[in-house]
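K.L.:
I'd like to ask you about the structure that follows.
Here, each number is a calculation from the coordinates, and none is a lab measurement. Values in this document were obtained by computation on a predicted structure and should not be read as measured data. Every residue, glycine among them, receives a Cβ derived from its backbone with ideal geometry; neighbour counts consider all protein chains shown.
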Amino acid sequence: MILFNVKIDGLTQLLGLLDNIIDVTKKPFENQAAGYRDAVIKIIRQNFRDQGRRVGGWPPLTPAYAARKAEKYPGRPLLIASGKMHKALTSTAGRSGMILFRQLDDWISMGVLDPKYTGFHQKGTRRGLPARPLFVVDKDFGEDVAHKIVDDMFDTVKRLGRIF
């Protein structure tokens, strides 16, 4: 009788690595949610700065409202009157800023609690307020997030000391 033994060096380590990769891919937002929130805030800041250019540009104010705004809030740009909405959407300061509502294994929910009229600007109203989107999930943003998730997963696996 002839007996052959085959040993694959590193198989245990490879299986351990695969287990770690599977664990990381099950929870792509774990410990990363604040980074995604910050990316959204950065885009919203840019939209305020560029007057919505990323989302096709914001429609101008009606002449009547523009006159009232100029009187009460002189020199303020489009979508910034008192500054409350701008501050809420571009900061992470407690309950008055952008917060993470819920974080699960494969999705996160974020937004602002106040001011409540923020949604009217995002979507517009039936009463005639045009939509002036502050944030739109477009192809570029989706690709950026996908790349960030993959990079974050590789970074996590590297930190575990089991790859590269």
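K.L.:
Quick one: if the Förster radius is 25 Å, what FRET efficiency do ALA34 and ARG126 give, using the C-beta to C-beta distance and rounding to 0.05?
P.N.:
So, using R0 = 25 Å, E works out to roughly 0.10.
K.L.:
Here's a follow-up. Going through the cross-link list LYS42/LYS87; LYS84/LYS148; LYS87/LYS148, which pairs have a Cα-Cα distance over 22 Å in this structure?
P.N.:
LYS84/LYS148; LYS87/LYS148
K.L.:
Given a Förster distance of 25 angstrom, what is the FRET efficiency for PHE154 paired with LYS42, based on the Cβ-Cβ distance and rounded to 0.05?
P.N.:
The computed FRET efficiency comes out at 0.65.
K.L.:
While we're looking at this one, here's another question. When ILE44, ILE149 are ordered from fewest to most other Cβ atoms inside 10 Å of their Cβ, what list results?
P.N.:
ILE149, ILE44
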